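Asks: Questions regarding the structure given below will be posed in turn.
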Amino acid sequence: MKKRIVSDINLREDRLPPGQRWISAPIVYDIVDDIPDWDMSSYRFKVWGEVEEPLELTYEELLSLPSVELVADFHCVTRWSVKEILWEGVQTLEILKRVKPKDSARFVLVHCLEGYTTNLPLEYLYEEDTILAYKMMGQVIPKRHGYPLRLVVPKLYAWKSAKYVWGLEILKEDVPGFWEQRGYHMRGDPWKEERYW
Ligand SMILES: Nc1nc2c(c(=O)[nH]1)N[C@H]1C(S)=C(S)[C@@H](COP(=O)(O)O)O[C@H]1N2
Ligand SMILES: [Mo]
């Protein structure tokens, strides 16, 4: 049996963050109308920047890494929340073990195939419930929910859970991503209502 992690956010007494309401399924949000069919023969997952050992993996190599199931609530800054989404993939902790971040490493900028980016403090990649997911609800992640790979960061608002991920750029300084350049919070903790600046 695969290891199943229940995010500690699901177990909080104040499980629903302030200003949120429960809905039954996540609403698809994308910065572009059309998501292409990605060419998986040329797809490479990359980690670079402030690391001792930059990493480049094919999709098959990624799928062969140790993986976990994750059950986690999902909180969008537009005030909807969804309970207990089931994901499956590789813990970012597992990736960090391989790339060995330097002492100077503090932040990460996540790069996506359609051009979206988002930034977060590196410490969130050390959380047990942060994963690079390739399955959702027991199936290969549906195209509009992030196929081939999605970063899932339950402790932050959902815009940090980047879809269509191809790269993690490990940085010394915090660099704003797509929504962060447009006024969204550099961290985005739902329990602190870190929605906008
Ligand atoms: N690559 C990418 N990832 C993204 C987005 C996006 O536009 N592009 N939108 C974010 C936002 S604002 C939310 S609320 C969630 C929505 O997830 P869903 O589309 O799977 O419901 O994806 C996040 N990840
Ligand atoms: Mo969102």
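The values are calculated or read from the model by the stated rules, or taken from the named source; none is laboratory data. Just so it is clear, the structure is predicted and the values come from calculations on it, not from any experiment. Ideal geometry is used to build each Cβ from the backbone, glycine not excepted, and the neighbour counts take in all protein chains shown. For accessibility, only protein heavy atoms count, side chains too; no ligands or nucleic acids. Shrake-Rupley method; radii C 1.70, N 1.55, O 1.52, S 1.80 Å.
Asks: Which is farthest toward the positive dipole end of the stretch 98-184 among Ala162, Tyr126, Met136, measuring Cα position about the Cα centre, with Cβ charges +1 (Lys, Arg) and -1 (Asp, Glu)?
Replies: Met136
Asks: Now, a different point. Students often check this: by mean Cβ neighbours within 10 Å, which of 40-47, 168-175 ranks highest, and how do the rest follow?
Replies: 168-175, 40-47
Asks: Under a Cβ-only charge scheme (Lys and Arg +1, Asp and Glu -1), can you give me the dipole magnitude of the stretch 57-98 about the Cα centre, in debye to the nearest 20?
Replies: Rounded to the nearest 20 debye, it is 240 debye.
Asks: Also, quick follow-up: On full extension of the chain, what length is gained from Gln181 through Tyr196, given 0.36 nm per residue of separation minus the C-alpha to C-alpha distance?
Replies: Working it through step by step, the gained length comes to 4.3 nm.
Asks: Now for a different question. With the Cα gyration tensor of the stretch 76-118 in hand, give its eigenvalues times 5 under a square root as the equivalent ellipsoid semi-axes, listed largest first in whole angstrom.
Replies: Ellipsoid half-lengths, sorted descending, are 26, 17, 12 Å.
Asks: Considering all projection directions equally, how large on average is the shadow of the alpha-carbon convex hull of the chain, in square nanometres?
Replies: Working: hull surface 43.0 nm².
Averaged projected area of the chain's Cα convex hull equals 10.8 nm².
Asks: Name the GluC sites (Glu not before Pro) in the stretch 1-104 that are in a loop by DSSP and that have at most 10 other C-beta atoms within 10 Å, would you?
Replies: Taking the stretch 1-104 and a limit of 10 other Cβ atoms within 10 Å, the loop GluC sites (Glu not before Pro) found are Glu13, Glu52.
Asks: I've got another one for you. Might you report the magnitude of the Cβ-based charge dipole of the stretch 89-172 about its Cα centre, with Lys and Arg at +1 and Asp and Glu at -1, to the nearest 20 debye?
Replies: 180 debye
Asks: Right, something else. Give the Cα extents of the stretch 1-104 along the principal axes, in whole Å, largest first.
Replies: 41, 36, 35
Asks: Which pairs break 30 Å Cα to Cα here: Lys3/Lys97; Lys83/Lys143; Lys2/Lys172; Lys2/Lys192; Lys102/Lys143?
Replies: Table pairs above 30 Å Cα-Cα are Lys2/Lys172; Lys2/Lys192; Lys102/Lys143.
Asks: Something else now. Counting heavy atoms of the protein chains only and a 1.4 Å probe, report the per residue accessible area for the stretch 78-147 as a whole number of Å².
Replies: For the stretch 78-147, the per-residue accessible area is 41 Å².
Asks: For the chain, which whole-number percentage of the solvent-accessible area (1.4 Å probe, protein heavy atoms only) is attributable to carbon and sulfur atoms?
Replies: In the chain, the share of accessible area belonging to carbon and sulfur is 50 percent.
Asks: Let me ask another. Go ahead and estimate [θ] at 222 nm for the chain from helices alone: -39,500 (n - 2.57) per DSSP H run with n ≥ 4, summed, over the residue count, rounded to 500.
Replies: -1500 deg cm²/dmol
Asks: Another question about this same structure. Which residues' amide hydrogens lie under 5 Å from the amide hydrogen of Gln91, considering only partners 5 or more residues apart or on another chain, with H built in the peptide plane?
Replies: Residues meeting the criterion, in which the H sits 1.01 Å from N, are Val68, Leu132.
Asks: How much space per residue, in cubic angstrom, does the convex hull of the C-alpha atoms of the stretch 95-197 take up?
Replies: Once divided by residue count, the hull of the stretch 95-197 is 107 Å³.
Asks: Place a +1 charge on the Cβ of each Lys and Arg in the chain and a -1 charge on the Cβ of each Asp and Glu, then give the dipole magnitude about the Cα centre in debye, rounded to the nearest 20.
Replies: Values: 27 positive and 32 negative charges, 83 e Å.
It works out to roughly 400 debye.
Asks: At 0.36 nm per residue, minus the direct Cα-Cα distance, what do Glu56 and Lys102 gain on full extension? Give it in nm, one decimal, please.
Replies: Difference between extended and current length: 14.8 nm.
Asks: Of the beta bridges DSSP finds with both residues in the stretch 1-155, what % are antiparallel, to the nearest 5?
Replies: The answer is about 85 percent antiparallel.
Asks: What is the extension gain from Ser41 to Leu86, computed as 0.36 nm multiplied by their sequence separation minus the C-alpha to C-alpha distance, in nm to one decimal?
Replies: Values: separation 45, 0.36 × 45 = 16.20 nm, distance 2.71 nm.
That works out to 13.5 nm of additional length.
Asks: On to the next question. Quickly rank 18-28, 115-125 as a protection proxy: mean count of other C-beta atoms within 10 Å, highest first. Provide the component values of the computation, followed by the final result.
Replies: Details: 18-28: 11.7, 115-125: 19.2.
The peptides rank, most packed first, as 115-125, 18-28.
Asks: Something else: If you scale each eigenvalue of the Cα gyration tensor by 5 and take the root, what three semi-axes come out for the stretch 22-63, rounded to whole angstrom and sorted largest first?
Replies: 29, 16, 12
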